[in-house]
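Enquirer: Right, I'll just put the structure down here and ask away after.
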Amino acid sequence: MKKLSILVALICSAVFVQAQKKGTDWLKLGIHAGIPVADSKDGSSFALGADVKYQFLDFQSFGLGVATGYTNYFGKDNNKDTGVIPVAALLRYYPTQSFFIGSDLGVGFVTGGNDTETGFYYRPEVGYHSDEWNLFLFYQGTKIDTGNVGSVGLGVNYNLVRPMR
């Protein structure tokens, strides 16, 4: 976990260094909904969450940034709700102006039990991009000692843009 935390800190530092160069800065605010999979499917009925992301897009169609938010896995059959709070690096590639692929990688804090557990967080995404909106499909997973908290779903982000300098 210490190595993963150091990796996230290094990537975040690189993002802020990169932001000093020419490009576009994006603050992305969004929501997502999903169907629980992996070890979550038996104890949860659906997942709903909010996202906050910062991204710097350079001229070569690559984006770097940081991502956080909250996803609630609604319990079913007398199971308690479970929550995931990610702190992750955001990596994106835009092969065209309206299409992207990428992933968020970092640490996920899983809440809802007696203790908060931490684990490796990953969220690959593929989607449509415009200056104002992103619409994407995702798989979200957090690998913890007791299993994998995950969902597959659809998300939308509203992009607040700081134009090219």
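Enquirer: Hey, if we sort Ile144, Ile35, Ile85 by accessible area with the 1.4 Å probe, largest down, what's the order?
Expert: Highest to lowest solvent-accessible surface, that is Ile35, Ile85, Ile144.
Enquirer: Using 18 Å as the Cα-Cα cut-off, could you pick out the over-long pairs in Lys41/Lys143; Lys41/Lys80; Lys53/Lys76? Before the final figure, lay out each step's value.
Expert: Details: Lys41/Lys143 14 Å; Lys41/Lys80 13 Å; Lys53/Lys76 30 Å.
Beyond 18 Å between Cα atoms: Lys53/Lys76.
Enquirer: Let me ask you something else. Distance between Cα centroids, the stretch 107-138 to the stretch 36-80: provide it in whole Å.
Expert: After rounding, the separation between the Cα centres reads 3 Å.
Enquirer: Which whole-Hz couplings ³J(HN,Hα) result when phi for each residue of the stretch 24-33 is put into the Karplus expression 6.51 cos²θ - 1.76 cosθ + 1.60, θ = phi - 60°, listed in order with x for Gly and Pro?
Expert: In residue order, the calculated couplings are 10, 9, 10, 9, 10, 10, x, 10, 8, 9 Hz.
Enquirer: Kindly write out, for the stretch 122-134 in residue order, the coupling ³J(HN,Hα) from the Karplus curve 6.51 cos²θ - 1.76 cosθ + 1.60 (θ = phi - 60°), rounded to whole Hz, with x marking Gly and Pro.
Expert: These are the phi-based 3J(HN,Hα) values: 9, 8, x, 9, 9, x, 9, 10, 10, 4, 9, 9, 10 Hz.
Enquirer: Could you compute how much accessible surface Asp104 exposes when probed at 1.4 Å, giving the result in Å² to the nearest 10?
Expert: For Asp104, the solvent-accessible surface is approximately 0 Å².
Enquirer: Out of every Cα pair in the stretch 61-165, what percent are spaced more than 19 Å from each other? List each step's numbers first, then the result.
Expert: On the way: 2571 of 5460 pairs.
It works out to 47 percent of all Cα pairs.
Enquirer: Out of residues 5 or more away from Lys76 or on other chains, whose amide H comes under 5 Å of its own, with H placed 1.01 Å from N in the peptide plane?
Expert: Ser44, Ser45
Enquirer: A follow-up question, please. Using only the heavy atoms of the protein chains and a 1.4 Å probe, how would Thr96, Thr82 rank by accessible area, largest first? Write down the numbers at each step before the final one.
Expert: On the way: Thr96 75, Thr82 35 Å².
Putting Thr96, Thr82 in descending order of accessible area: Thr96, Thr82.
The values are calculated or read from the model by the stated rules, or taken from the named source; none is laboratory data. Since the structure is predicted, the reported quantities are computational estimates derived from the model, not experimental observations. The area values use the complete protein model at the heavy-atom level, side chains included, leaving out ligands, DNA and RNA. Shrake-Rupley method; radii C 1.70, N 1.55, O 1.52, S 1.80 Å.
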